[in-house]
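Student: Please read through the structure below; I'll follow up with questions.
The values are calculated or read from the model by the stated rules, or taken from the named source; none is laboratory data. Since the model is a prediction, treat every value here as computed from it, not as a measurement. Cβ placement follows ideal geometry from the backbone for every residue including glycine, while neighbour counts extend to all protein chains displayed.
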Amino acid sequence: MVALGLVEEFRRRSLTSAEVAGTPVVVVMTTQGFRVVENRCPHQQADILHEGTIDANGLTCPIHGRTFDLSSGACRNGAGKLSFLHTEERDGVLWVSPLASPDFKLF
């Protein structure tokens with residue numbers, strides 16, 4: 001796990017952009033705690049979610065208005081799903097597991 005930053009810093013904003021092991025991410029403060037997602041809208045692969053909006057429906061991408069559920073990651077008004085990173089709060093620090101690299105197999 002990687003220390004992303006102090007929990008208190010992330011509580012000040014509903015959306016915060018950051019980087020985990022070279023991957024751009026967005027830290028989202030929800031009523032259930034923090035969710036960390038890859039900063040990439042699955043609709044058009046744009047690194048734009050940090051400019052989105054948060055409301056009771058989820059995280060909405062600013063490009064085409066796709067809204068993603070922050071519990072499941074599923075898109076509520078289209079196709080696609082967010083990639084969540086495993087997150088823990090310990091001793092006032094937000095810890096995150098980097099996304100696994102894809103396994104490629106040659107045929």
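Student: Residues of segment 1-32 being touching an Asp or Glu at 6+ places or on another chain (Cβ under 7 Å), assigned to a strand (DSSP E or B) and more than 12 Å from S83 (Cα to Cα), which ones?
Tutor: none
Student: Every residue in segment 69-82 that is aliphatic (A, V, I, L, M) and modelled with pLDDT of 90 or more, please.
Tutor: So in segment 69-82, the residues aliphatic (A, V, I, L, M) come out as 70, 74, 79, 82.
The answer is L70, A74, L82.
Student: So which residues in segment 15-33 are loosely packed, with under 15 Cβ neighbours inside 10 Å and small (G, A, S), if there are any at all?
Tutor: S17, A21, G22, G33
Student: Now a separate question. Hey, could you check segment 83-103 for residues that are among the charged types (D, E, K, R) and modelled with pLDDT of 90 or more and say which is nearest to S71 (Cα to Cα)?
Tutor: At the first step, the residues of segment 83-103 found to be among the charged types (D, E, K, R) are 88-91, 103.
With modelled with pLDDT of 90 or more added as a condition, the list becomes 88-91.
Numbers: E88: 15, E89: 17, R90: 21, D91: 24 Å.
The residue in question is E88.
Student: Another question, then. Of everything in segment 41-68, what is touching a helix residue (DSSP H, G or I) at 6+ places or on another chain (Cβ under 7 Å), farther than 22 Å from E88 by Cβ and crowded, with 20+ Cβ neighbours inside 10 Å? Give them in sequence order. Step through it out loud before you land on a result.
Tutor: Filtering segment 41-68 down to residues touching a helix residue (DSSP H, G or I) at 6+ places or on another chain (Cβ under 7 Å) leaves 41, 59, 61-62.
Those left that are additionally farther than 22 Å from E88 by Cβ: 41, 61-62.
Result: C41, C61.
Student: Also, I was wondering about something else. Pick out the one residue from T31, T23, T60 that is of a type in the set (S, T, Y) and touching a residue at least 12 places away in the same chain (Cβ under 8 Å). First the steps, then the outcome.
Tutor: Values: T31 fails: touching a residue at least 12 places away in the same chain (Cβ under 8 Å); T60 fails: touching a residue at least 12 places away in the same chain (Cβ under 8 Å).
Only one candidate passes the filter, namely T23.
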